[in-house]
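The values are calculated or read from the model by the stated rules, or taken from the named source; none is laboratory data. Because the structure is predicted, anything quoted here is derived from the model rather than measured. Please note: Cβ atoms are built from the backbone with ideal geometry, for glycine as well, and neighbour counts cover all protein chains shown. The accessibility values were calculated without ligands, DNA or RNA, using every heavy atom of the protein model including side chains. Shrake-Rupley method; radii C 1.70, N 1.55, O 1.52, S 1.80 Å.
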Amino acid sequence: MNLVELFIYPIKSCGKIALNQGEVTLKGLDWDREFMWVDESGQFVTQRTYPQLAKIRVQQLGELIELSVENQNIKSFQLQPTLTGISKPVQVWRDTTIAVDQGDEVADWLKNALKQDNQPNLRLVRQSPDFIRPVDPNYAVNINNQVSFADGYPCLLTNTASLAELNRKLTETYPISSQEIPMNRFRPNLVIDTDQPFIEDQWKTILIGEVYFDLVKPCSRCIVTTTDQNSGERNPLTEPLKTLATFRQQPRGVMFGVNIIPRNTGTIQVGDVLEVVETT
């Protein structure tokens, strides 16, 4: 079993950046979900309510972050990330923490990019290094576990065989359609190549590259999985969530992939072998 894809999402709910090698910190891959959009009350905003965020492409250019929208006459925007702006309280699910506002220019750019005059005034904020956001204590391995602006855990792992099994079942339901669901619908950080669907359900601790990871909770999926990550359009049949629910419904939700917590910092890279250290 090998690590075949590695992704970060510097801005929560916006486009991914594919990596060949990544640095794992205690709160996840470096730069992953370092930023997010919030409304005027400081409440986090995602593709759940604004699927058009999927169209925002993100690229790192040295110390700059470039934002763009494909197939639209919108000029790209280069953001100089700052930790010296106005600090403000923000809400991510049940967590309240402090973030740093990234200024008016990027907020105005987003409003133009989404082409929604009636949308709330969204602001881009960066996680403050002075305020640690802890992992849910019900799933934390130790009291030092922390997380970025990800939903709740430092990293998300999926496996290729699970996606293949989902697409097989979709083909049974929609035999005329040959369009497969891509892995980007599930917005993972680490993708493992295996021949056993959902084999990660049986793992407790794994080693990839230099980093040990604890597998703490299956990932409950939401309407974001029905959003085309290129166009921002929702699937009118709520697929693949509808089909996934027929065989992956569990008490805590419809599960695909697993949330993982790094035990240590270090480097991982595409091609690394995955070693199962402990099973459940």
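Which length gain, in nm to one decimal place, applies between N71 and D201 when the Cα-Cα distance is subtracted from 0.36 nm times their residue separation?
Numbers: separation 130, 0.36 × 130 = 46.80 nm, distance 3.96 nm.
Contour length minus the Cα-Cα distance gives 42.8 nm.
Whats the longest run of the chain with zero GluC sites (Glu not before Pro) that are DSSP loop and have at most 16 other Cβ atoms within 10 Å? List each step's numbers first, then the result.
On the way: sites that count: E40, E63, E70, E180, E210, E233.
Counting at most 16 other Cβ atoms within 10 Å as exposed, the longest clean stretch of the chain is 71-179.
Using r as the Cβ-Cβ distance of N264 and N184, and R0 as 30 Å, what FRET efficiency do you calculate, to the nearest 0.05?
Numbers: r = 28 Å, r/R0 = 0.94.
After rounding, the FRET efficiency stands at 0.60.
Computing the accessible area with a 1.4 Å probe over protein heavy atoms, can you report the carbon and sulfur percentage for the range 1-56?
Details: 900 of 1970 Å².
Percent of accessible area from carbon and sulfur atoms in the range 1-56: 45.
Which whole-number value in Å² is the accessible area per residue of the chain, probe 1.4 Å? Numbers along the way, then the final one.
Details: 13320 Å² over 280 residues.
Heavy-atom SASA per residue in the chain reads 48 Å².
Taking the Cα centre of the range 109-192 as origin and charging only Cβ (+1 Lys, Arg; -1 Asp, Glu), how large is the dipole, in debye to the nearest 20? Present the calculation step by step, with values, prior to reporting the outcome.
On the way: 9 positive and 7 negative charges, 57 e Å.
That gives the range 109-192 a dipole magnitude of about 280 debye.
May I ask which of K27/K242; K75/K242; K88/K111; K27/K75; K12/K115 have a Cα-Cα span longer than 28 Å here?
Values: K27/K242 32 Å; K75/K242 37 Å; K88/K111 21 Å; K27/K75 33 Å; K12/K115 19 Å.
The answer is K27/K242; K75/K242; K27/K75.
Would you please give the FRET efficiency between I176 and T82, computed as 1/(1 + (r/R0)^6) with r the Cβ-Cβ distance and R0 = 41 Å, to the nearest 0.05?
Details: r = 51 Å, r/R0 = 1.25.
About 0.20, to the nearest 0.05.
Quick check on the chain: helices-only [θ] at 222 nm, where DSSP H runs of length 4 and up contribute -39,500 (n - 2.57) each and the sum goes over total residues. Nearest 500, please.
Details: 3 runs with 33 residues, N = 280.
Mean residue ellipticity, 222 nm, calculated: -3500 deg cm²/dmol.
Please list the non-local residues whose amide H lies under 5 Å from the amide H of K217, H modeled 1.01 Å from N, same-chain partners needing a gap of 5 or more.
Sorted by chain and number, the residues that satisfy this are N259.
Could you work out what % of the accessible surface of the range 142-280 is carbon and sulfur, using a 1.4 angstrom probe and leaving DNA, RNA and ligands out of the count? Don't jump to the answer; show the numbers that get you there.
Values: 3100 of 6320 Å².
Carbon and sulfur atoms account for 49 percent of the accessible area of the range 142-280.
For log10 I(q)/I(0) by the Debye sum over Cα atoms at q = 0.07, 0.10, 0.13, 0.14 Å⁻¹, several values are listed as [x] -0.29, -0.56, -0.87, -0.98; [y] -0.33, -0.60, -0.91, -1.03; [z] -0.25, -0.52, -0.90, -1.05; flag the one computed from this structure.
Recomputing log10 I(q)/I(0) by the Debye sum over Cα atoms at q = 0.07, 0.10, 0.13, 0.14 Å⁻¹ here picks out [z].
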